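Please read the structure below before turning to the comments.
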Amino acid sequence: MKKESFLAQEPKYISKNPPHIMPLTATSSFVFETTEEGRDIFSQKEDGYVYSRYGNPTVDAVGKKIADMEMYGLEEEGFGLMTSSGMSAISSIFIALLEAGDTVLTQKNLYGGTAEFIAKYLEKLGIKVIWADLFDIDIVQNIFETNKVDLLFCETPANPTLSCLDLDAITEIAQANNCVTVVDNSFCTPYIQQPLLLGANFVIHSTTKFLNGHGNSIGGVIVGRDKLHEEIVLDAIKLSGTNCSPFEAWLINNGMKTLALRMDRHSQNAMTLASFLEMHPQISHVNYPFLKSHESHELAKKQMMKGGGMISFELVGGFDKALQFTNNLNLCTLAPTFGDTDSLIIHPASSSHRNIDPKIRTSQGITDGLIRMSVGIEHIDDIIADIQQAI
Ligand SMILES: *Cc1c(COP(=O)(O)O)cnc(C)c1O
């Protein structure tokens, strides 16, 4: 064999016993021993991999692990299909389940990207969208009585006031009306809340946030409770090319191993900080679902195992005071994401929500002095000291 041919060959990978940690299967395609085997795998007569956009062992193992977490406590076996981002999990499930003439029901205070996607693309594709206050069960009931709704998409707790939707009640109404429910569970993760146990049909995640937890990858996942829908969702991912890269999946798997430890600590720190801020004279309001004063307190205690790592609070002094506060921070970082190990802060009125009419913004609880914080896993004394000095 000439040097050129030798260099072009894949080296033989030899491992006598299995590696302890799941290998990163960075390959675009898979080898068939024979043409007959290739034919049988292609036509799904035989199990096997073909091409990484259709499926990849590393990616599939991580999707399965998230699905098993979301299905924990249920008898059935669900599926988990990883995507390239939280947004592509959302766009893919819409492509998979909706067609022109359908109606989608959703809430007004969705994650910004989701709201923009629905407004920009779904209506253009001939899908009717109803934006409603899903916190009011009577309103939900009334919408179902006067409309044929095909898909309900929601998020709880909702950004940034952390108000909670009653998933049990909402999914019951949806089910009675043959409507599919999809819940974005990125804020809680399945460690804290399992919408499938409360009657939802699908859960989606931005794994970018708490599931990965280390801020070094973008990814998403679609979890479904019945195998029947797996083909439909997988086809949408395959053909729109929204598959997850094996490297991202591998990073997410690393992060998830400490999910329980992190969520325990995030929740404990957030609760302590929220209680501290509630007593502070320069803070007029604190939003944290596990605080007794929060509007969703009882509901949160019912459907969430812990309070989670997200809080928001309002500074006395409005916009200027908020800017001064954020610029004074030392330990906490100003960054437009959440769910990392370190404490992250944003000021919605000057960042994520700056283009929204101040009247509409304020009516959703996003006032000029509101601060959103992803409480990290640092020592609580250091977090409180930083917040205290910045105020
Ligand atoms: C971040 C986020 C998304 C979008 O996820 P990406 O991974 O950034 O695409 C969707 N929903 C919620 C609740 C989010 O926080």
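The values are calculated or read from the model by the stated rules, or taken from the named source; none is laboratory data. This one's a predicted model, so the numbers in the text were calculated from it and none came from an experiment. Here the Cβ is made from the backbone with ideal geometry for all residues, glycine too, and neighbour counts use every protein chain on show. All accessible areas refer to the heavy atoms of the entire protein, side chains included, with ligands and DNA or RNA removed. Shrake-Rupley method; radii C 1.70, N 1.55, O 1.52, S 1.80 Å.
Where residues in segment 200-212 are open to solvent by 10 Å² or more (accessible area, probe 1.4 Å) and assigned to a loop (DSSP other than H, G, I, E, B), which of them is farthest from the ligand (Cβ to nearest atom)?
Ranking the qualifying residues of segment 200-212, first place goes to ASN201.
Taking segment 34-88 as the search range and keeping residues that are over 30 Å from MET305 (Cα atoms) and among the charged types (D, E, K, R), which one is surrounded by the fewest Cβ atoms within 10 Å (Cβ to Cβ)?
For segment 34-88, the residue satisfying everything is ASP47.
State all residues of segment 362-376 that are within 23 Å of the chain's Cα centre (by Cα) and either of a type in the set (Gly, Ala, Ser) or farther than 17 Å from LEU329 by Cα (or both); if no residue qualifies, say none.
GLN364, GLY365, ILE366, SER374, GLY376
Restricting attention to segment 298-315, does a residue exist that is under 13 Å from PRO160 (Cβ atoms) and open to solvent by 70 Å² or more (accessible area, probe 1.4 Å)?
no
Among the residues of segment 336-382, what is the count of those that are within 16 Å of the ligand (Cβ to nearest atom) and without any contact (Cβ under 8 Å) to a residue 24 or more places away in the chain?
Within segment 336-382, residues that are within 16 Å of the ligand (Cβ to nearest atom) and without any contact (Cβ under 8 Å) to a residue 24 or more places away in the chain number 2.
Take the residues in segment 177-189 that are away from the ligand (no atom under 14 Å from the Cβ) and touching a residue at least 24 places away in the same chain (Cβ under 8 Å), then tell me which one is nearest to the chain's Cα centre (by Cα).
Only one residue fits best here, namely THR181.
Do you know which of the residues in segment 190-199 that are surrounded by 23 or more Cβ atoms within 10 Å (Cβ to Cβ) and not in a loop (DSSP other than H, G, I, E, B) is farthest from the ligand (Cβ to nearest atom)?
LEU196
Of the numbered conditions (1) touching a strand residue (DSSP E or B) at 6+ places or on another chain (Cβ under 9 Å); (2) open to solvent by less than 20 Å² (accessible area, probe 1.4 Å), ARG262 satisfies every one except a single condition; which is it?
(1)
Can you list the helices (runs of 4 or more DSSP H) lying wholly within segment 1-74 that have 2 or more residues being β-branched (Val, Ile, Thr)?
Once the helices (runs of 4 or more DSSP H) in segment 1-74 are filtered for at least 2 residues that are β-branched (Val, Ile, Thr), what remains is 35-42, 57-70.
In segment 89-112, what count of residues is obtained for those that are within 9 Å of the ligand (Cβ to nearest atom) and surrounded by fewer than 19 Cβ atoms within 10 Å (Cβ to Cβ)?
1
Tell me, yes or no, whether segment 215-223 has at least one residue that is polar (S, T, N, Q), farther than 26 Å from LEU291 by Cβ and within 12 Å of the ligand (Cβ to nearest atom).
yes
Please go through segment 160-189 and give me each residue that is out of contact with any Ser or Thr (no Cβ under 7 Å at 6 or more places or on another chain), surrounded by fewer than 24 Cβ atoms within 10 Å (Cβ to Cβ) and of a type in the set (S, T, N, Q), ordered by number.
GLN175, ASN177, ASN178
Do we have any residue at all in segment 351-374 that's within 22 Å of LEU259 (Cα to Cα) and open to solvent by 10 Å² or more (accessible area, probe 1.4 Å)?
Yes: segment 351-374 contains one or more residues that are within 22 Å of LEU259 (Cα to Cα) and open to solvent by 10 Å² or more (accessible area, probe 1.4 Å).
Every residue in segment 123-159 that is open to solvent by less than 80 Å² (accessible area, probe 1.4 Å) and free of Cβ contacts under 8 Å to residues at least 24 places away in the same chain, please.
ASP136, ILE139 - these are the residues of segment 123-159 that are open to solvent by less than 80 Å² (accessible area, probe 1.4 Å) and free of Cβ contacts under 8 Å to residues at least 24 places away in the same chain.
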